[in-house]
Amino acid sequence: MATSSSYVLFLKSPCSPPSLTTPLSHNQSWFQSRMIRRTKPISTVLSVIKAQTNVRKEDIVIVGAGIAGLATALSLHRLGLRSLVLEQAGSLRTGGTSLTLFKNGWRVLDAIGVGNDLRRQFLEIQGMVVKSEDGTEMRSFKFKDEDESQEVRAVERRILLETLANQLPQDAVQFSSKLANIERSENGEILLELVNGTRLCAKVVIGCDGIRSSIAKWMGFSKPRYVGHCAFRGLGFYPEGQPYEPKVNYIYGRGLRAGYVPVSPTKVYWFICFNRPSPGPKISDPSVLKKQAKELVRNWPSELLSIIDLSPDDTIIRTPLVDRWLWPAISPSASDGKVVLVGDAWHPMTPNLGQGACCALEDAVVLARKLANAIKSEPASVESALRSYGSERWPRIFPLTIRANIVGSALQWENPVVCSVRNNVIIPKIVRLGPLLEHTNFECEPL
């Protein structure tokens, strides 16, 4: 004979597992699900339990283990909040080359406790030299002359990711976890389904899944826009020591520019940016990429060609440059309920100001602070905290995205008359470095 008894079920949270415990008191964590006492037959309770045991509860889920994702996870960790990072690859994506971090990026890295570990491995860049394609020097600058507090270093992406990941708890990153579907439950929680069938229910989801973000697509963002040029990148390797001074070297041509900068005592990062009406087919053969890159600059300064020759195949890549302009009142907000975007997933920008990674790091600490404060003070204010993050970051991100695009377009001019004016008047006589670096000012206290 069926009997009735009183059990607690998560009837308001369809992706929450049932429990046979008593309701939580008001002073318990907001992340622990609300429970309602109901009278149900034991058979009904057991069927609910069986149906929902394959859904795993998580407090904060971060999608993507790139710079933005790992920096956000570490920022939250420093503030006492656990998160789970989902990465679709089987391991950290440590391929690729390097990226330039200015003082705003280093202030964030200091705030999350990894700045000094990285400084020991990479050279501080003292200044920059601008040359024409025949090697003639047009202008040189020293960063400290313009801003004594400026700090510039080129950092290997692999080492940056590994350094961030090594500061996280051992089980913080879950690999081979590609997102297949995302849904919102009636109570605002987010159900994530992975391609391997795993189902997760999260209180907060942070999209850090890059320029092709599936989270951004779900939130209604348009695809990033191709800006009309592509870039080759690579990392020259000098086992006996590289011979270059710690300066950024830029070389400007017509519809074509290149540059190189020492990263460490044995490595030199280089790039070539060229105009192309469409991105073209993807080429994965590194020997073909190296050949194409050298062909573009075959008559340019020999040191550039030498650096390309000394680049291991697995460091050479070619990518189309894209961005997304976040127009006010037109573009979606950075957050939607308890889902929020960070870094390239929200604001992809061209690399012309060296601010893509720096802005992602800034996003991470700003979001982590607002989210931690909301959770610890008033759980109901979490969505407000996410909206506040978007409101604070947008006035900084939107102008930088546009400025990076304009600078890149100006440097890719093809008209010979315009290029002559640029090389003989604008760069040597008009350009001042100080105002161009004002965007690197960013205050960030330790977490």
Sole miss for GLU303 among (1) over 20 Å from THR97 (Cα atoms); (2) of a type in the set (Asp, Glu); (3) surrounded by 15 or more Cβ atoms within 10 Å (Cβ to Cβ) is condition (1)
Considering the range 272-300, residues that are surrounded by 16 or more Cβ atoms within 10 Å (Cβ to Cβ) and part of a loop (DSSP other than H, G, I, E, B), and then whichever is farthest from the chain's Cα centre (by Cα), we arrive at TRP300
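Restricting the search to the range 256-298, which residues are of a type in the set (Ser, Thr, Tyr), out of contact with any Asp or Glu (no Cβ under 9 Å at 6 or more places or on another chain) and closer than 23 Å to VAL407 by Cβ? Explain how you work it out, then say what you get.
Restricting attention to the range 256-298, the residues satisfying the condition of being of a type in the set (Ser, Thr, Tyr) are 260, 264, 266, 269, 278, 284, 287.
When the remaining residues are screened for being out of contact with any Asp or Glu (no Cβ under 9 Å at 6 or more places or on another chain), the result is 278, 284.
Listed by number, the list holds a single entry, SER278.
Looking at the range 172-183, which of the residues that are in a loop (DSSP other than H, G, I, E, B) and farther than 28 Å from ALA380 by Cα is least open to solvent (accessible area, probe 1.4 Å)? Lay out the reasoning, then the answer.
The initial filter retains those residues of the range 172-183 that are in a loop (DSSP other than H, G, I, E, B), namely 172, 175-178.
Filter once more, so that each one left must be farther than 28 Å from ALA380 by Cα: 175-178.
Numbers: PHE175: 72, SER176: 70, SER177: 6, LYS178: 99 Å².
Only one residue tops the list, namely SER177.
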With the first residue restricted to the range 240-257 and required to be free of Cβ contacts under 8 Å to residues at least 60 places away in the same chain and more than 28 Å from VAL425 (Cβ to Cβ), and the second required to be part of a loop (DSSP other than H, G, I, E, B) and open to solvent by less than 50 Å² (accessible area, probe 1.4 Å), Cβ contacts under 7 Å at 6 or more apart or on different chains are GLY241/THR266; GLN242/THR266
When the range 248-267 is checked residue by residue, the ones that are open to solvent by 30 Å² or more (accessible area, probe 1.4 Å) and touching a Lys or Arg at 6+ places or on another chain (Cβ under 9 Å) are TYR250
Pairing a residue in the range 291-318 that is in contact (Cβ under 8 Å) with a residue 12 or more places away in the chain with any residue that is among the polar types (S, T, N, Q), where Cβ atoms lie under 6 Å and the two sit 6 or more apart in sequence or on different chains, gives THR315/THR97
Note on the range 331-342: residues out of contact with any Leu (no Cβ under 8 Å at 6 or more places or on another chain), assigned to a strand (DSSP E or B) and open to solvent by 10 Å² or more (accessible area, probe 1.4 Å) are ASP336
For helices (runs of 4 or more DSSP H) lying entirely in the range 34-146, having 1 or more residues that are farther than 19 Å from ASN249 by Cα and modelled with pLDDT under 95 picks out 42-52
Checked against (1) within 30 Å of ARG318 (Cβ to Cβ); (2) in contact with a Pro (Cβ under 9 Å, 6 or more places away or on another chain), ARG78 satisfies every condition except (1)
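Specify which of the listed residues (GLU186, GLU193, GLU148, GLU137) is touching a residue at least 24 places away in the same chain (Cβ under 8 Å) and either open to solvent by 40 Å² or more (accessible area, probe 1.4 Å) or within 23 Å of GLY234 (Cα to Cα) (or both).
Values: GLU193 fails: touching a residue at least 24 places away in the same chain (Cβ under 8 Å); GLU148 fails: touching a residue at least 24 places away in the same chain (Cβ under 8 Å); GLU137 fails: touching a residue at least 24 places away in the same chain (Cβ under 8 Å).
So the residue among GLU186, GLU193, GLU148, GLU137 that is touching a residue at least 24 places away in the same chain (Cβ under 8 Å) and either open to solvent by 40 Å² or more (accessible area, probe 1.4 Å) or within 23 Å of GLY234 (Cα to Cα) (or both) is GLU186.
If you check ALA364, ALA380, which single one turns out to be open to solvent by less than 60 Å² (accessible area, probe 1.4 Å) and either within 19 Å of LEU447 (Cβ to Cβ) or not in a loop (DSSP other than H, G, I, E, B) (or both)? Don't jump to the end; show me each part of the working.
Working: ALA380 fails: open to solvent by less than 60 Å² (accessible area, probe 1.4 Å).
Result of the check over ALA364, ALA380: ALA364.
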Of the conditions (1) open to solvent by 60 Å² or more (accessible area, probe 1.4 Å); (2) under 19 Å from PHE221 (Cβ atoms); (3) among the polar types (S, T, N, Q), the single one that ASN373 does not satisfy is (2)
Scanning the range 98-124 residue by residue, those closer than 17 Å to PRO351 by Cα and polar (S, T, N, Q) turn out to be SER98, THR100, ASN104
State yes or no: is LEU168 open to solvent by less than 30 Å² (accessible area, probe 1.4 Å), assigned to a loop (DSSP other than H, G, I, E, B) and aliphatic (A, V, I, L, M)? yes
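One line per residue, one yes/no per condition, for (1) surrounded by fewer than 20 Cβ atoms within 10 Å (Cβ to Cβ); (2) under 19 Å from the mean Cα position of the chain (by Cα); (3) in a loop (DSSP other than H, G, I, E, B):
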site	(1), (2), (3)
SER311	no, no, yes
ASP314	yes, no, no
ALA329	yes, no, yes
ASP344	no, yes, no
HIS347	no, yes, yes
CYS359	no, yes, no
All conditions in (1) of a type in the set (Phe, Trp, Tyr); (2) surrounded by fewer than 23 Cβ atoms within 10 Å (Cβ to Cβ); (3) more than 22 Å from GLY127 (Cα to Cα) are true of PHE232 except (2)
Quick count over the range 92-134, residues being closer than 24 Å to VAL63 by Cβ, open to solvent by 60 Å² or more (accessible area, probe 1.4 Å) and touching a helix residue (DSSP H, G or I) at 6+ places or on another chain (Cβ under 7 Å), is 0
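The values are calculated or read from the model by the stated rules, or taken from the named source; none is laboratory data. As the structure is a computational prediction, the values presented were derived from the model and not from experiment. Neighbour counts run over all protein chains shown; Cβ positions are idealised from the backbone, glycine included. The accessibility values were calculated without ligands, DNA or RNA, using every heavy atom of the protein model including side chains. Shrake-Rupley method; radii C 1.70, N 1.55, O 1.52, S 1.80 Å.
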